[in-house]
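To keep things clear, I will list the structure first and then write my remarks on it.
The values are calculated or read from the model by the stated rules, or taken from the named source; none is laboratory data. Since we're looking at a predicted model, the values are computed, not measured. In this analysis, Cβ positions are derived from the backbone assuming ideal geometry, glycine residues included, and neighbour counts consider all displayed protein chains. Just so you know, the surface numbers come from the protein's heavy atoms only, side chains and all, with ligands and any DNA or RNA stripped out. Shrake-Rupley method; radii C 1.70, N 1.55, O 1.52, S 1.80 Å.
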Amino acid sequence: MLFLPLRYLRVKWIDPLPIHERKFVMKYNSAFVLNLESDKERWAFFQRVNQKRMKDIQRIPSTRMHPELSAQIQGKGMGQKVIIFGNNTELKTQQLYFSKYPALKYLAKRDGMGTAACSLSHLRLLQDLLDQDASDYMFVFEDDIEILDSLLDDGVVMAPNNADVVLLSACSLGHVSVSWQQKRGIRRSATAAKDKTTLPANTIHNNNAIRVISGYSTWGYIITKRGARILLDEYTNERTEPIDVYIFKNANLKVYLPTSDWPVVAHGKVGIKSARRNNDN
């Protein structure tokens, strides 16, 4: 596809280079897992496999679509506006997001309300990051992941200082290896990783930082306030992609792999389908 060569050229010649590493630390006010109230078995799984770090992770209830909004969306064409009505605060909040982000309406029509609710849950959590002063970044996990030993033991991720998003899972498809900015401001060469589907773990331990220009999944990631602001502002222009694809599609977001161990989260063998799928019909 054309956008990948263009993204590579932008990363190589236009985007600022990282200057140094930054430490991201898991703390109770900066690490969150999204979990539906009805997904009790998945919550039990998450707590069991990640027990060592549970003191540093807050559970955030995922959004379950309000039945009135579900009826309203399913009864309308995708091009029609969502009408805001009633006194129910949660209903009004969901309606406002659906009015602001057209992709949610598209996803609800194409894949079901549960799929749209997944993207909505992440958007609301990003807004929470902007609304608080406790931290300028957050760790975000979904409830069917397992935190791997390096992060489970240390609770720390190292990444380039200019990262907007740090991808913690192995769900990256295209990469660009970039040099660190030199003191005299001269850019060294940047080369694209040859393998677009897999990336050996030892690649992240060389002298370069690794930008991700194609990928999928929001199983586990770190996002800064700057990254959250870009996503919330620019997802308004997206029409079809869920948030776990749009993160990699947006060229203004600098998505990196950690400079420490990677991957540090994996899709857990939970074997329990989320209750949100009950709305995907």
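Assorted remarks:
- In summary, Leu125 fulfils each of the numbered conditions (1) more than 18 Å from Phe46 (Cβ to Cβ); (2) at pLDDT 95 or above; (3) of a type outside the set (Phe, Trp, Tyr) with the single exception of condition (1).
- Test: residue in the range 128-148 that is within 21 Å of Leu253 (Cα to Cα), hydroxyl-bearing (Ser, Thr, Tyr) and more than 16 Å from the chain's Cα centre (by Cα): yes
- Considering (1) within 20 Å of Ser119 (Cα to Cα); (2) out of contact with any Ser or Thr (no Cβ under 7 Å at 6 or more places or on another chain); (3) among the charged types (D, E, K, R), the lone condition that Arg53 does not fulfil carries the number (1).
- Test: residue in the range 105-119 that is touching a strand residue (DSSP E or B) at 6+ places or on another chain (Cβ under 7 Å), open to solvent by 50 Å² or more (accessible area, probe 1.4 Å) and closer than 30 Å to Val49 by Cβ: no
- Verdict on Ala117 being out of contact with any Leu (no Cβ under 7 Å at 6 or more places or on another chain) and in a loop (DSSP other than H, G, I, E, B): no
- Sole exception among (1) open to solvent by less than 70 Å² (accessible area, probe 1.4 Å); (2) closer than 30 Å to Asn208 by Cα for Phe45, by number: (2)
- In the range 129-140, the residue that is surrounded by the fewest Cβ atoms within 10 Å (Cβ to Cβ) out of those that are at pLDDT 95 or above and farther than 14 Å from Val165 by Cβ is Asp131.
- Once the range 153-170 is narrowed to residues that are open to solvent by less than 30 Å² (accessible area, probe 1.4 Å) and either modelled with pLDDT under 95 or among the small types (Gly, Ala, Ser) (or both), the residue that is nearest to Asp136 (Cα to Cα) is Ala163.
- Search result, residues across the range 141-152 that are open to solvent by less than 50 Å² (accessible area, probe 1.4 Å) and part of a helix (DSSP H, G or I): Ser150, Leu151, Leu152
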